[in-house]
1. Select from ALA112, PRO122, VAL164 the residue farthest towards the positive end of the dipole of the stretch 107-166; place +1 on Cβ of Lys and Arg, -1 on Cβ of Asp and Glu, and compute about the Cα centre.
2. Past the 25 Å Cα-Cα mark, which pairs from LYS131/LYS191; LYS130/LYS191; LYS154/LYS191; LYS113/LYS193; LYS133/LYS193; LYS133/LYS154?
3. Using a cut-off of 13 Å between beta-carbons, work out the net charge of the residues near ASP151 (Lys and Arg +1, Asp and Glu -1, ASP151 not included).
4. Tally up the carbon and sulfur contribution to the accessible surface of the stretch 96-162 as a whole percent, 1.4 Å probe, everything protein left in place.
5. Please give the per residue accessible area of the stretch 71-201, computed with a probe of 1.4 Å over protein heavy atoms only, in Å².
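The values are calculated or read from the model by the stated rules, or taken from the named source; none is laboratory data. All of these numbers come straight from a predicted model, not from anything done at the bench. Methodologically, a virtual Cβ is constructed for each residue, glycine included, from the backbone with ideal geometry; neighbour enumeration extends over all protein chains shown. Heavy atoms of the whole protein, side chains included, go into the accessibility calculation; ligands, DNA and RNA do not. Shrake-Rupley method; radii C 1.70, N 1.55, O 1.52, S 1.80 Å.
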Amino acid sequence: MRAIRILLPTLLLAACSQPAPPATDAAPAPTSPPTTTATPSEDAPAAGMSPDAVATPAEAAAQTAPAASAPDASADSSEGDVRQRIERLLGDAPRYEAVFTALQKGVAAHDAKAVAALPLYPVSVNVGGKKRKVADAATFEREYDRIITADIAKTITEQKFDDVFVNWQGVMLGNGQVWINGICPANDCTKAKVGIVTVQD
């Protein structure tokens, strides 16, 4: 009995001196999922829409047209770029250039009849702060000097086609004094008519 009493403390001491089992590896910290950046798509309305179906070019000019001192980066400056942009956004660059050239020649010659043949009627005009529609060429010709003011005439004659501003709403002269665009009759854009859609001072 005495031997058991001596042996018991020895066994307990031996048990306490055993090394603790190794700790298991800690779980790795969770990693956050990779972030992705979505690339926005170009969301522009189709070219050739009627001005009545969207905002008027004059209203668009107020929102998107560049200031004279700070041209918009999307306005092309080289010859090829302007025509390519018209083809991409509006289609048929030669017809737009033909209207532009006829307008310049008509205004330079003060040929009211020739200029009156260029708008797509009814055409929006904004002269003297009053916005209205001109119904036909006869009315435009009769009111030519009130519509094509000296300042507008100067803008038209000094504008270079290679420097026009272009977006999906048309070709803009100056700071929005004149807009040229196309309208698809009966949704057939193969026969789109191109002409002046807005004149404003």
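1. PRO122
2. From the list (LYS131/LYS191; LYS130/LYS191; LYS154/LYS191; LYS113/LYS193; LYS133/LYS193; LYS133/LYS154), the Cα-Cα distance tops 25 Å for LYS131/LYS191; LYS130/LYS191; LYS154/LYS191.
3. Counting the neighbours of ASP151, the net charge comes to -1.
4. The C+S portion of the solvent-accessible surface of the stretch 96-162 is 53 percent.
5. It amounts to 50 Å² per residue over the stretch 71-201.
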